[in-house]
Each structure stands twice: as structure tokens, then as C-alpha cells.
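Take a look at the structure set out below.
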Amino acid sequence: MSRLILCSDDFAYSPAISAAIVSLAQAGKINAVSCMTVMPGWMEDARMLADVPAHVEIGLHLTLTGETPRTAMPRFAPDGRMPEIDPLTRAAGRWSVPLDEIAMEISAQFDAFFAALRRPPAFVDGHQHAHALPGIRDLVLAETLGRAPNAWVRDCTDDAAAMLLRPFAGKAIGSAWHSRGMRRSAAQLGLRTNQGFAGHYDFRRDYATLFPRFLRQPGHMHLVMCHPGAGERAGDTIASARIREAKALHRLPIADMAAAEGLAFPA
């Protein structure tokens with residue numbers, strides 16, 4: 001039977017967000033948590049993960065945009081802050097990013113995951129999908145193979161017909177375009193990826209109304225990203241959406257909705 005992976009991104013973005021994610025995991029409403037080990041509160045927030053059910057997969061949300069890196073990156077982050085996703089996407093497309101610095105930073109974020117949890121991540125993905133950009137993806141796949149060979153890697157591609165059935169198809173197609181070839185590259189190294197990807201929207205619409213459409217025409221290992229949370233953090237442009245998502249996910253009958261689309265959840 002196909003299965004649903006409902007993954008909350010951005011664990012450790014703030015303590016309130018981390019607590020909201022753990023609450024959803026405990027309630028059986030999500031079954032994957034993606035962690036930002038670059039955040040200053042990571043080590044403390046990671047202690048909360050001891051309280052999530054054993055079936056919940058804990059992964060690494062590699063962060064290469066908008067935050068302070070763990071390593072010195074004089075060319076990539078000369079002012080101490082990593083670039084935003086749009087300029088990074090353009091630079092990666094020109095193959096004009098310092099891959100040596102990025103490789104060291106990816107390794108350091110893996111190190112931080114190991115240091116807190118004493119195990120490899122169950123999966124690897126990227127904040128704003130930067131892990132799939134040209135050049136960067138090769139580094140991510142190589143590090144994953146060496147450090148977490150049993151992990152699966154997020155692939156943001158999907159069947160075109162399926163994307164057209166879901167909300168904000170344009171955003172989904174854009175993510176798929178930047179991720180093209182990811183599954184093939186991972187498979188060549190013996191790494192797994194999800195099959196099916198959804199969760200795009202504008203962070204303004206009613207999440208409970210949109211959610212059933214994320215499950216339409218699912219893949220065999222159907223990944224739906226979400227961004228629930230609570231509280232506020234300076235610079236968090238989707239703080240209100242996080243609160244709405246958390247409330248909706250607590251309320252929705254996720255398992256029944258998944259079963260109606262032929263998906264097992266939470267297993």
C-alpha cells in the first residue's frame with residue numbers, strides 16, 4: 001500500500017515552533033520532522049524530540065539560505081548571513097557559488113544533527129529546497145551517502161497531471177523544475193527518494209480547505225510538507241500561517257483522509 005509522509009519542516013526555527021511540532025507528532029497528526037540544525041537553539045530544542053513517538057521519522061533540514069551559518073563562509077555569507085533563495089538559485093544556475101564552503105557547511109549541519117541525537121537522519125531535505133540546486137545537490141547526495149546511507153532524500157518532482165490537480169500548480173512546477181534529475185542522481189548512488197510531493201500554497205489561504213487537495217493522485221511514497229508552529233520570531237514572514245496550519249492539522253482526520261486516497265498513515 002502507498003503511504004503518506006506528512007512532514008513538518010523548520011523544527012528549531014524557534015522554541016515555540018518546535019513545541020508545536022512535537023505536539024502534532026504526539027497527537028498522531030504528522031509522521032516526519034525536519035530539523036534546522038543551523039539554528040542557535042537547536043541543541044536545546046532537540047531534547048523535545050525524545051518525546052515523539054518512535055514511528056516519527058526525524059530528518060535534517062539543510063539550511064543554506066537566510067540564516068547564520070555554522071561555519072565561516074567568507075564568500076558565500078560575507079556579512080555573516082546566508083543569501084536568500086532567489087539570488088542563490090540564480091548563482092547556482094550559473095555555477096558561481098563557492099561549493100567548497102557549502103560542502104563544509106553541509107558537513108557541519110550533519111555534525112550538529114549527530115551531536116544532538118546520536119544517530120543519522122532518517123531523511124535529508126533542504127530549507128526552501130536549496131538542497132536540489134545545481135552543484136549543491138551533488139554535495140548533499142555525497143554527504144548523505146557517506147553519513148546516512150539508509151536515509152531518503154526529498155525529491156520535489158511529481159507527475160505533471162498530479163501537480164495540476166493540486167493547489168498552486170505553478171509553485172509546484174517551479175520546484176519540480178529545479179529538482180529535475182534529483183531522483184535519478186540519488187538512485188545512481190543507491191539512495192532512495194520520496195515518490196510524490198505536495199504542500200505548496202501561498203501561506204494565506206485557509207489550510208484546512210486546501211489540505212485534501214495535497215493528497216490527490218498521490219505517489220507511492222507521497223510526501224506532503226507542512227509548516228505548523230506557534231508564537232512569533234523576528235523575520236518570520238509566515239508566522240500567522242504556521243498557527244493556522246497547526247490548528248488545522250490538529251482538527252483534521254488525517255488518517256481517514258489519507259485512507260480515502262489509498263494511503264497508509266501514520267505508518
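The values are calculated or read from the model by the stated rules, or taken from the named source; none is laboratory data. These figures come from a predicted structure and were not determined experimentally. Glycine also receives a Cβ, built like all others from the backbone with ideal geometry; neighbour counts cover every protein chain displayed. Protein only, heavy atoms only, side chains kept; ligands, DNA and RNA dropped before computing areas. Shrake-Rupley method; radii C 1.70, N 1.55, O 1.52, S 1.80 Å.
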Item to check | chymotrypsin sites (Phe, Trp or Tyr not before Pro) restricted to DSSP loop in region 85-131 with at most 10 other C-beta within 10 Å | outcome: TRP95
Checklist outcome for this item: The farthest towards the positive end of the charge dipole of the chain, of the residues LEU191, SER107, LEU60, given +1 on Cβ of Lys and Arg and -1 on Cβ of Asp and Glu, is LEU191
Checklist entry - Given a cut-off of under 8 Å on Cα pairs at least six residues apart, what relative contact order in percent is computed for the chain? => result 24
Item to check | Solvent-accessible heavy-atom area per residue, rounded to whole Å², over region 212-267 at 1.4 Å | outcome: 46
Checklist entry - So which trypsin sites (Lys or Arg not before Pro) in region 175-236 pass both tests, a DSSP loop state and at most 11 other Cβ atoms within 10 Å of the Cβ? => result ARG204
Checklist entry - Can you name the helices of the chain, as whole DSSP H runs, whose Cα span along the helix axis is 18 Å or more and whose Kyte-Doolittle mean is not below 0.5? => result 99-117
Checklist entry - How big is the accessible area of SER2 in square angstrom, nearest 10, if you roll a 1.4 angstrom probe over the protein chains? => result 30
Item to check | Within region 78-153, trypsin sites (Lys or Arg not before Pro) in DSSP loop having at most 10 other beta-carbon neighbours inside 10 Å | outcome: ARG94, ARG118
Item to check | Sulfur and carbon atoms: percent of accessible area, the chain [1.4 Å] | outcome: 55
Checklist entry - Solvent-accessible area per residue for region 18-168 at a 1.4 Å probe radius, Å²? => result 39
Item to check | Positive minus negative residues near LEU215 (Lys, Arg vs Asp, Glu; Cβ under 10 Å) | outcome: +2
